Amino acid sequence: MTAYHPQDPVHHPASAAGLTEALRARLKRPQPPPPRADAAIVKAGFGIMLAAALATGLAFHLSHDRDPAEPTLQPARIGSVSLLVPQNLTGAEPDDTSRLVGMVRLRLDWPSLGPAQTGPGTGQNRQRLLVTLSPPDKVNEPQTQLSVYARFLTPTVWSNPGGLVVRGFRKGSPYEGDELYVSVPDGRGFAARCPVDGARSGVAGPDLDEPCRVTFRHRGMDVNIRFPRAIIADWELMLGGVRRTIDGLIR
């Protein structure tokens with residue numbers, strides 16, 4: 001009797017090679033796209049990151065790279081004096097091509113003496129000085145002014161804050177309706193005329209916001225200032241500040 005022996009397993013080289021090729025082909029297949037919901041989340045996240053980066057760059061630019069524009073300088077000449085006047089001190093618009101010949105007008109904020117704030121957004125409590133620079137005239141010399149005023153003053157004298165004394169003008173005189181505010185002892189330091197409260201001094205229309213005026217000589221120019229009566233007690237600060245402002249314009 002012949003004994004039965006099971007046959008050993010047979011290895012087929014062709015079958016092994018096919019399996020290897022199938023595995024390689026499977027590995028080379030592209031990854032399947034993510035579900036639509038996942039793709040939308042990725043796009044939204046990318047958009048948020050991009051917007052945040054743009055906002056950060058804009059904020060950095062505005063806070064660090066934006067320098068205030070320098071005001072335009074306008075050359076001027078008054079007599080023998082040459083000046084460079086920032087346009088924002090004149091109150092003129094940037095496109096205003098008109099020029100005053102032989103004089104300069106400034107509109108200054110009080111008490112900062114910077115550019116006067118105008119327009120509908122200006123606060124009601126803002127005050128300003130209107131300054132005119134012109135060639136020297138003998139009629140504006142202090143002794144000449146005081147000698148002219150003296151002929152029309154009333155004898156009454158009263159004191160005023162700021163160390164000033166006040167004199168009135170006679171009726172029928174060229175200065176009727178004004179009062180003269182002078183520094184002691186002789187008025188050479190300050191002599192300003194202001195209209196009496198409620199008087200218009202012959203000016204048509206509403207009262208001016210800067211009804212008082214004083215003229216003095218500085219650096220070879222006549223300086224005329226129109227200012228509110230409310231600041232007359234600060235006359236020394238006003239004259240000193242205007243003088244320093246003018247000194248900064250001379251070239």
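Quick note: the coordinates plus some simple rules give every number you see, no bench work behind them. Note that the structure is a prediction, hence the values are computed from the model and not measured. FYI the Cβ positions are ideal-geometry reconstructions off the backbone, even for glycines, and counts take in every protein chain you see.
So if R0 is 25 Å, what FRET efficiency would VAL157 and GLN127 give, r being the distance between their Cβ atoms, rounded to the nearest 0.05?
Numbers: r = 28 Å, r/R0 = 1.11.
Taking R0 as 25 Å, the efficiency between VAL157 and GLN127 is 0.35.
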**Request:** In nm, give the distance between the simple-model label positions of ASP197 and ARG229, each being 7 Å from the Cα along the Cα-to-Cβ direction.
**Result:** 0.7
**Item:** Other-chain or far-sequence residues with amide H under 5 Å of PHE190's (modelled H)
**Value:** SER183
**Complete:** Around GLY79 (Cβ within 12 Å, Cβ-to-Cβ, excluding GLY79; K/R +1, D/E -1) the net charge comes to +1
